[in-house]
Structures are given as C-alpha cells and as structure tokens.
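What follows is a single structure, written as structure tokens, with notes after it.
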Amino acid sequence: MVWTQLSGSLIWLQSGEPHYFIYQIQDITDRMQAERALRASEERFRSIAEATQEWIWEIDAEGLYTFCNPQWGRFSVTSRIS
C-alpha cells in the first residue's frame, strides 16, 4: 500500500474560461509510517509513565510543567497539604 497526497489546480484562459487541470501526486508513505511510529512511541511512553511508581515530570524552557505522571501529581499534592 502506498499513501499519497493529491494536489490540483485549474488553469484558466485569459478569457476567463477554464482550460485544464494540473495535478500532482506525492508519495507520503514515509511520512505516514513516521507518524504511526511516533504515535506508538508516545503511547508506550505514556503507559510506562502512568504505571511506574517513580516520579516523572517535564518542564519546558520557561519553567512550566508540560507533563507530570500520576505519582508526581500525588507527591506534589501531598507535599502542599503537609
């Protein structure tokens, strides 16, 4: 199976009448396979991060939390209460 992307344009005559179409077909199989592999990797990471008893968190360059697993969430809530 080959994944493709079809793009097309209508070429017009100076009179304003449609003249012909130009189509381009691009093989995007590699991109689709990469996207599928990325989704699978993200799913594996998330299932591991949610199942582990270790604390896992991610902070961006601005110091904002972008990911916290459930264990980290339980720790941070508990530490604020104490």
Next on the checklist: 5 Å is the cut-off here: which amide hydrogens, built 1.01 Å from N in the peptide plane, fall below it relative to PHE67, excluding neighbours closer than 5 in sequence?
Outcome noted: GLU58
Checklist entry - Taking the chain as a Gaussian network, where each spring joins two C-alpha atoms under 10 Å apart, which residue of ILE59, ILE11, ILE48 fluctuates the most? => result ILE11
Item to check | Carbon and sulfur %, accessible surface of the chain computed with the full protein complex present, 1.4 Å | outcome: 56 percent
Checklist entry - Given a 1.4 Å probe and the protein chains all in place, what does the accessible area of LEU13 round to, in Å² to the nearest 10? => result 70 Å²
Checklist entry - Roughly what would the spin-label model give for ARG74 and TYR23, points 7 Å off Cα along C-beta, in nm? => result 5.7 nm
Item to check | Whole-number percent relative contact order across the chain, with pairs defined as alpha carbons under 8 Å at least 6 apart | outcome: 18 percent
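Dipole size in debye (nearest 20) for the chain around its Cα centre, Lys and Arg Cβ +1, Asp and Glu Cβ -1? Working shown, then result.
Numbers: 7 positive and 11 negative charges, 59 e Å.
Value, rounded to 20: 280 debye.
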Next on the checklist: Could you give each residue of the range 39-48 its phi-based ³J(HN,Hα) in whole Hz, using Karplus coefficients 6.51, -1.76, 1.60 with θ = phi - 60°, and x for Gly or Pro?
Outcome noted: 4, 5, 5, 4, 5, 4, 4, 4, 5, 5
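Hull surface divided by four, with the convex hull built on the Cα atoms of the chain: how many nm²? Could you put the intermediate results ahead of the total?
Numbers: hull surface 45.1 nm².
Answer in nm², one decimal: 11.3.
The values are calculated or read from the model by the stated rules, or taken from the named source; none is laboratory data. It should be emphasised that the depicted structure is a prediction, and the values quoted were computed from it without experimental measurement. We place every Cβ from the backbone using ideal geometry, glycine too, and count neighbours over all the protein chains shown. Accessible surface is based on the protein model in full, side chains and every heavy atom, while ligands, DNA and RNA are left aside. Shrake-Rupley method; radii C 1.70, N 1.55, O 1.52, S 1.80 Å.
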